[in-house]
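The values are calculated or read from the model by the stated rules, or taken from the named source; none is laboratory data. What you see is a predicted model, and the numbers here were worked out from it, not measured in a lab. Cβ placement follows ideal geometry from the backbone for every residue including glycine, while neighbour counts extend to all protein chains displayed. Each accessible area value is taken on the protein alone, full model and side chains, heavy atoms only, with ligands, DNA and RNA left out. Shrake-Rupley method; radii C 1.70, N 1.55, O 1.52, S 1.80 Å.
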Amino acid sequence: MNGLFQRGNAFFTWGGRFFIAVSPVRLTLEALEYVLTETWSAKMRKVLIWGRMVPQDSLGVAEILLKNKIASNTGNLLFIYGAARATMTEDTQLIPFYSEDVERLLSNPAALEGVESAIIPLANAFRPDFMPKLEQLTRFLRAAKFPCCILSVGMQARTEAELERGFPFDAKVRAFVSAALDKSARVGVRGEY
């Protein structure tokens, strides 16, 4: 810490550490870099959250719509934001990930370094057009070396008779639920089915 602060006698704390600074107002750039990298980042908990954006993201309406950050449904955004806000603390870094990120994360284990957990809020994921994403999530869950919480998941069906007959994707749903239960004590469900 030699030479990090200018001369003076101001005191401050950051990240639970006590510092003595020379000038009450100005830190040198070296001191600021030390505080931000050594103290701040060492304390941050990395948590993945399924979605394309988190409350900390500062995006304009055009970018949200053009890049489909709401996954084609504002309800998805509200659900993800609710999950994010319920888990956010000063020392938590929420990292959004979605289907387009799964293969990159699986092929590059260094990208998951320091991740403590994953939160996966799903709505009606048990439906035919979501099966490719569900299979990706199943592979992700099997590869993860940390707890993964499925906050909620449900099914989209038109009639009860459809439920009784079963679905062509039942085996994929069972594989997903099995992988999820290997990473968490329970899986949250949405509605009756």
Checklist entry - Which residue pairs have Cβ atoms closer than 7 Å, lie 6 or more positions apart in sequence or on different chains, and pair a first residue in the stretch 40-69 that is over 17 Å from Tyr81 (Cα atoms) with a second residue that is among the hydroxyl-bearing types (Ser, Thr, Tyr) and at pLDDT 75 or above? => result Arg45/Thr92
Next on the checklist: open to solvent by 60 Å² or more (accessible area, probe 1.4 Å), modelled with pLDDT of 80 or more, among the hydrophobic types (A, V, I, L, M, F, W, C) and out of contact with any Lys or Arg (no Cβ under 7 Å at 6 or more places or on another chain): is that true of Ala42 in this structure?
Outcome noted: no
Checklist outcome for this item: Within the stretch 175-193, restricting to residues that are loosely packed, with under 13 Cβ neighbours inside 10 Å and in contact (Cβ under 8 Å) with a residue 24 or more places away in the chain, the one that is farthest from Leu48 (Cα to Cα) is Gly191
Next on the checklist: Checking Ser58 against (1) modelled with pLDDT of 50 or more; (2) within 26 Å of Phe140 (Cβ to Cβ); (3) hydroxyl-bearing (Ser, Thr, Tyr), only one condition comes out false. Which one?
Outcome noted: (2)
Next on the checklist: Among the listed residues Ile80, Ile119, identify the single one that is touching a strand residue (DSSP E or B) at 6+ places or on another chain (Cβ under 9 Å), part of a helix (DSSP H, G or I) and open to solvent by less than 30 Å² (accessible area, probe 1.4 Å).
Outcome noted: Ile80
Checklist entry - Does the stretch 154-174 include one or more residues that are touching a residue at least 60 places away in the same chain (Cβ under 8 Å), within 28 Å of Asp101 (Cα to Cα), open to solvent by 50 Å² or more (accessible area, probe 1.4 Å) and not small (Gly, Ala, Ser)? => result no
Item to check | Residue tally, condition open to solvent by less than 50 Å² (accessible area, probe 1.4 Å) and among the basic types (Lys, Arg), over the stretch 83-99 | outcome: 0
Checklist entry - Of Ala110, Ala118, Ala71, which residue is at pLDDT 75 or above and under 30 Å from Gln156 (Cα atoms)? => result Ala118
Next on the checklist: So, in the stretch 135-193, exactly how many residues are part of a loop (DSSP other than H, G, I, E, B), of a type in the set (A, V, I, L, M) and over 16 Å from the mean Cα position of the chain (by Cα)?
Outcome noted: 3
Item to check | Test: residue in the stretch 105-115 that is surrounded by 16 or more Cβ atoms within 10 Å (Cβ to Cβ) and part of a loop (DSSP other than H, G, I, E, B) | outcome: no
